[in-house]
Amino acid sequence: MAKLILLNKPYGVICQFTPSPPHQCLADYVLVKDVYPAGRLDTDSEGLVLLTDSGTLQARIADPKHKLPKTYWVQVEGVPDAAALATLRQGVDLGDFVTRPAQARLIEEPAGLWPRVPPVRFRAAIPTSWLELVISEGKNRQVRRMTARVGFPTLRLVRYAIGDWTLDDLPPGQWLEHAVAAPPSISPRATSPSGPKRRGRRGPNRTR
């Protein structure tokens, strides 16, 4: 069995264990040794990060060839119209590559969503709206580039799910550890809740 950790990464936390002031890093939240992020999440994005001590599981989650869906809640400036949604669904030409077809729909602000710290800066004269966007790849700042390309810049980005793993009942900064079977089967069994924060770790997550 491998370890799999679900972390709700807060805004402003860099997705690595090595300290990088002025940002907090994963070591300020996750207390389990010898685990590595399975994929990345931008410092200015929030939400689900998976970490594991298994290299094969890490590759199974992070490698785009497996097409593991990733679900994002995206607050954008303006209200996307049918044409913008159709472009997101069909694939967006970002210049250096064309995205794979995505699932995209307008949603209400997700129930129970925590306030962002610091708050999003809004323009008073322009409304905002929420999208649910599901993609099967994860290139650098892809979601932000997609919404900007169709004319609706991202204001807030929350990754809600990776495959069947979700943020449900997981507050910002908290984590849960699971035991999972080796790939290709990933069957969760919760083993422990999150503990207190601690500083001063480096590497994957080991004491200096």
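Overview of results
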read-out: From the options 102, 84, 125, 148, residue that is over 24 Å from residue 59 (Cβ atoms) and in contact with a helix residue (DSSP H, G or I) (Cβ under 9 Å, 6 or more places away or on another chain); value: 84
read-out: Residue count for segment 132-143, restricted to those that are not in a loop (DSSP other than H, G, I, E, B) and not aliphatic (A, V, I, L, M); value: 2
read-out: Among the candidates 29, 36, residue that is hydroxyl-bearing (Ser, Thr, Tyr) and touching a helix residue (DSSP H, G or I) at 6+ places or on another chain (Cβ under 9 Å); value: 36
read-out: In segment 85-127, the residues that are surrounded by 10 or more Cβ atoms within 10 Å (Cβ to Cβ), of a type in the set (D, E, K, R) and touching a Phe, Trp or Tyr at 6+ places or on another chain (Cβ under 8 Å); value: 109, 116
read-out: Segment 164-208 - residue that is in a strand (DSSP E or B) and either within 30 Å of residue 78 (Cβ to Cβ) or at pLDDT 55 or above (or both) and, of those, most open to solvent (accessible area, probe 1.4 Å); value: 176
read-out: Every residue from segment 1-36 that is in contact with a strand residue (DSSP E or B) (Cβ under 9 Å, 6 or more places away or on another chain), without any contact (Cβ under 8 Å) to a residue 24 or more places away in the chain and open to solvent by 20 Å² or more (accessible area, probe 1.4 Å); value: 16, 20, 23, 24
read-out: Residue tally, condition over 16 Å from the mean Cα position of the chain (by Cα) and modelled with pLDDT under 85, over segment 45-78; value: 2
read-out: Residue count for segment 37-69, restricted to those that are open to solvent by 10 Å² or more (accessible area, probe 1.4 Å), in contact with a Cys (Cβ under 8 Å, 6 or more places away or on another chain) and either of a type in the set (S, T, N, Q) or in contact (Cβ under 8 Å) with a residue 40 or more places away in the chain (or both); value: 4
read-out: Subset tally (residues that are surrounded by fewer than 19 Cβ atoms within 10 Å (Cβ to Cβ) and at pLDDT 95 or above) for segment 132-141; value: 2
read-out: Residue match in segment 117-131 (condition: assigned to a strand (DSSP E or B), among the β-branched types (Val, Ile, Thr) and either modelled with pLDDT under 95 or within 18 Å of residue 83 (Cα to Cα) (or both)); value: yes
read-out: Among residues of segment 144-163, those that are assigned to a helix (DSSP H, G or I) and open to solvent by less than 20 Å² (accessible area, probe 1.4 Å), counted; value: 2
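The values are calculated or read from the model by the stated rules, or taken from the named source; none is laboratory data. Predicted model, so just to flag it, every value in this text is computed and none were measured. With ideal geometry, Cβ positions are generated from the backbone for all residues, glycine too; neighbour counts draw on all protein chains shown. For the accessible areas, the whole protein counts, side chains as well, though only heavy atoms, and no ligand, DNA or RNA atoms are used. Shrake-Rupley method; radii C 1.70, N 1.55, O 1.52, S 1.80 Å.
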